[in-house]
Amino acid sequence: MAYEATAPAGAQVRGDMRALRKRLDTRHGVLKAELISSGNRDWWRDIADFMAPMRGRWLTSDTIQKGKRNNVHIKDEEGILAARICTSGMMAGMSSRSRQWFRLVTKDRLLMESAVVRVWLSQVETIMRQVLHSSNFYDCMHTFYGELCRFGTAAMIIFEDYEDVLRCETLTVGEYVLAQNARRFCDTMYREFEMTCGQMDEAGFKLSPTLQAKKDRNEAGWRDSKHVVAHCISPNHDRIVGRSDDQHKPFMSVYWLQNCDEEGGGILQFKGFDENPLIACRWETTGNDTYGHGPGHVSLQAVKQLQFETRAKAKGIEKSLNPPMQGPASLKDGFVDLVPGGITYHDDRPGNKGLRQVYEGWRPDIEAVSKDITDVRRRVREIFYADLFFAISQMEGVQPRNEFELVERKEEKLVGLGPVVDRLHREALDTTIDRVWAILNRAFVAGGPLLPTAPDRLRGEQVDVDYVSPLAQAQKALGIGNIERAMGFLGNLSGAFPEARDKLNVDATVDDYFDRMALPPALVNDKKTVAAMRAARSQQEQVAQLAALAGPAKDGAAAVELLSRTDAGRPTSVPLRPY
């Protein structure tokens, strides 16, 4: 369903399409001017030169050179390696392919006590994970995190796809511009990129008359000829509420040919969406800034320092191995043999010492430079949170004495990453789950809906997302240590004062602990099951108590029966006790 063949409505005349094209071009130009004036593009160019030489497209102004990207600025690869660690750490910590990173819960937590509701939510989660696995979502998310940690801003588009249900495309900085709404969310994107005529045709675009004529004539090379295409995703402010056709849906996606003024204004496709397919996220923002900044901005100067010092170190080593020489002027036009074991002949005159080093008695301090390079590399790794993602293998200083101390150290470092995790949940993952949920609700397989029918108890109720990724759990688990310490204190105290146990609400404590640990609902019994188990256990205890009393009662009954059989008139011998 991605790039679905949906052309502009036939009711719209040629002038309407040209007017739409003019509005799109105007706003695109305004947003590009804002990006350039903000200085973000200059930042991105520097970061790309030193940390990601293959990223960035710069609004097609230098697309001809994109195949000749060079890394002449890079003498030390620490910036690239640190960004790679941060990218992999964010991918594994936020949305790993190999483990569950989200779960569906109801807004009303009392509904989670229903087994029917939990089963249905579990089925939907399974389908969503299967769809994400079968698509290119995780590949694109890895690139998304790489853009985010280097450039501070990342953007991705989630399309509907006929074969894989959904298909993603991650953009790179420079080829797109963003605009945000009043709630400070980026909901508008314009971009420029190249497409071949064959790609346009396969995508179902309505070709311009010139391109259509080339296709009909099957001209040589028409399929591989490249053209600059512009794309806009934004809220559809001109829609008529209540109409459901593409041109009146809440969001619109428009493709058009640049520098094309033919019939239809060069519009290739006009498609509407019920939800925004754009996923745009910032690492950190300042005020009302549209674009964010991240570890790449903070570490840029340190990475540049590494290039300078590495180059200086190499020059120092070269001077030590092949030092500059000086000698008498008579050797200028003579033969000088500098190979090992070579002999150079010259006149022996007073004061003529032959060849010697220019810097006599001086040696470059390679060790000092190497030490400073090591320190700068450590700073770069810290900026990219390498010490957090490799908390054990790269731990420096006094090693932790036990697992508890290791957890405490990691929790301290997570405090700095916490705001970034929260922003990723709000701007990226929440929007992703909403988009995937909507696509699956519209999807049909074998004539039936892809998602199972929701139980009656959920009708009209809101379903939320609870993130259970390692980084999300680490944020929730910050209070688990307090719970465990409180339990240890209570255990010690109750030994001397048993009444202290009355202060603890055991069920509430267990529920909170399990929720922070993000245990699957299937592993935790609901309140009804717990009540039934406790009632059965209480009944068994009562039966056991009656059975324990049955023995003495039986002996007493036998004694009574024996006395009742004794002859009442027969005198009973009573032993005399001496006083």
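Taking all protein chains into account, the per residue accessible area for segment 139-178 stands at 25 Å² (1.4 Å probe). Using the Cα gyration tensor of segment 75-214, with a ≥ b ≥ c the square roots of its eigenvalues, what is the shape: rounded (a/c below 1.5), prolate (a/b larger than b/c) or oblate (neither)? Here segment 75-214 falls in the oblate category.
Could you look at segment 129-186 and say what percent of its accessible area is carbon and sulfur, using a 1.4 Å probe and all protein chains?
Values: 870 of 1970 Å².
The nonpolar share, carbon plus sulfur, comes to 44 percent.
Surface composition of segment 257-335: carbon plus sulfur atoms contribute 50% of the solvent-accessible area (1.4 Å probe, protein chains only, all chains present).
The values are calculated or read from the model by the stated rules, or taken from the named source; none is laboratory data. Owing to the predicted nature of the structure, the values given are computational and were not obtained by experimental measurement. Heads up: the accessible areas ignore ligands, DNA and RNA and are worked out on the full protein's heavy atoms, side chains in. Shrake-Rupley method; radii C 1.70, N 1.55, O 1.52, S 1.80 Å.
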